[in-house]
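For reference, the structure discussed in these notes is given below.
The values are calculated or read from the model by the stated rules, or taken from the named source; none is laboratory data. What you see is a predicted model; the values in this text were computed from it and never measured. Surface accessibility is based on the protein's heavy atoms, side chains included, excluding ligands, DNA and RNA. Shrake-Rupley method; radii C 1.70, N 1.55, O 1.52, S 1.80 Å.
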Amino acid sequence: MSAILTLAVGVLFGVLGLGYLYRPDLIERMNAVLRNYILNDAYIALERRKWGAFFLLMSFLFLYMGWTSLRP
């Protein structure tokens with residue numbers, strides 16, 4: 001992966017992780033659109049902290065990978 005793409009993925013996961021932890025109402029609105037294909041209301045309500053922590057960890061991983069690949 002290129003450094004810029006890795007950083008972008010890290011930022012995306014960070015935003016998703018913070019959204020799950022601090023603004024579940026925004027996540028529920030996105031869920032209303034994607035409900036039939038990917039997400040389930042009961043699953044989000046029960047697993048929101050796990051998903052938030054997962055996305056934050058993935059964010060740190062991708063940000064670290066992108067940062068180290070930018071340095072010479």
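Annotations
- If you go through region 36-52 and keep only what is open to solvent by less than 100 Å² (accessible area, probe 1.4 Å) and either more than 13 Å from the chain's Cα centre (by Cα) or modelled with pLDDT of 90 or more (or both), you end up with LEU39, ASN40, ASP41, ALA42, ILE44, ALA45, GLU47.
- Members of region 13-27 found to be over 12 Å from ALA53 (Cα atoms), in a helix (DSSP H, G or I) and at pLDDT 80 or above, listed by number: PRO24, ASP25, LEU26
- Scan of region 54-67 for residues that are more than 21 Å from TYR20 (Cα to Cα) and either open to solvent by 60 Å² or more (accessible area, probe 1.4 Å) or of a type in the set (A, V, I, L, M, F, W, C) (or both), ordered by number: TYR64, MET65, TRP67
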